[in-house]
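K.L.:
Can you keep this structure in mind? I'll have questions shortly.
Please treat every number below as a calculation from the coordinates, not as lab data. Quick caveat: nothing in here was measured; it's all calculated off a predicted structure. Neighbour counts run over all protein chains shown; Cβ positions are idealised from the backbone, glycine included.
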Amino acid sequence: MPLFDRYAIVDWSAANTPTTGKDSIWIALAEREGREVRMIETSNPPTRSAAMARLRQFFRDALAEDKTVFAGFDFPFGYPQGGTAAVTGEPGWEALWAFFAEAMQDRDDNFSNRFEVTGRLNRERLSFAPMYWGRPMHQEVPGLSVAKPDPYPTALPEKRLAEARTVKAQPVWKLNFTGSVGSQVITGIARLQHLRADPEFAGKIAVWPFETGFAERVSAPIVLAEIYPGLVDIDKGEKSCLDEAQVDTLAEALRKARCGRSFRALARRAARAFGGRTRLGYLGRGLDRRPRPAEGGQSRSRPGRLQRSRQWRRRG
């Protein structure tokens, strides 16, 4: 029996102005009817606020009809090993999600302060390893460079374990330019954390695999998951852009997928690939409390215990 009744596939964007077409947000919605999955719609909302409004309504309608939902988003849900503790002062994915939800200012017109937040992180919490880079060339941000620093810090991993095994995957620290995903991570996680915290959806959302044990505890009506369209060969065909083709192709692929079996198969493969470190290895949960040793075998310690994100954000 299928685990889900409805599906949302989301190609996210961190654009700083309302944007449609290429390099913008695309959402494909589908639903299961018996043994088949049919497309409901493909939309191209110009802003993150508009996208979240459409998704909220989709989730709301599903809950009202007692339907389950799988929602896939094409940005990483975690940081490389040690990255979360370095950024937030605490280990675990929830600390990272809460930090970005608190630190980020993401307006309805798509303007966000992500470059200021990451520049400040480089100057302060990541001063031992300023990992972020990729500010716009026209924007001066202390602590944040346009190009990747050379030499690049080694006290924290640049990529999660899964990304290191995937040629096309980009690091979460790269905020801008071709193929970058870092800004999508920050804006996307912040928006999803606000969704999780909304009383309307309290207790009805689970984040895969952190809260589901892969397919062992998929009981929440709405499951949020990280997806990576780059692993699938996608033909643009007659679609307006590759982004549209990606969400439609992945939604269409659900016609052939038995999601319960797919989840369990993925868990087994991840366990084999990462030597049993399934939850840490696959999505880079960042559970380690200290950075991994730098070159030469010496550990580069972070500053002492860090203040909570709210206090950090409010400092001058």
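K.L.:
How big is the stretch 85-189 along each principal axis, measuring the range of its Cα positions in Å and listing the largest first?
P.N.:
36, 33, 27
K.L.:
Let me ask another. Could you give the length gained on full extension between PHE111 and ALA64, defined as 0.36 nm per residue of separation minus the Cα-Cα distance, in nm?
P.N.:
Stretched out fully, the PHE111 to ALA64 stretch lengthens by 13.6 nm.
K.L.:
Can you compute the charge dipole magnitude of the stretch 158-243 about its Cα centre, using +1 on each Lys and Arg Cβ and -1 on each Asp and Glu Cβ, nothing else charged? Give it in debye, rounded to the nearest 20.
P.N.:
200 debye
K.L.:
Further, regarding this structure: Please go through the residue pairs LYS168/LYS236; LYS148/LYS236; LYS204/LYS239; LYS67/LYS168; LYS168/LYS239 and name each one whose alpha carbons sit more than 27 Å apart in this structure.
P.N.:
LYS148/LYS236; LYS204/LYS239; LYS67/LYS168, as the Cα separations exceed 27 Å there.
K.L.:
I've got another one for you. Per residue, how much space in cubic angstrom lies within the convex hull of the C-alpha atoms of the stretch 171-236?
P.N.:
Output value, Cα hull per residue: 134 Å³.
K.L.:
If the viscosity is 1.306 mPa s and the temperature 10 °C, what Stokes-Einstein diffusion coefficient in µm²/s follows for the stretch 1-62 when Rh is the Kirkwood radius over Cα pairs?
P.N.:
The calculation lands on 127 µm²/s.
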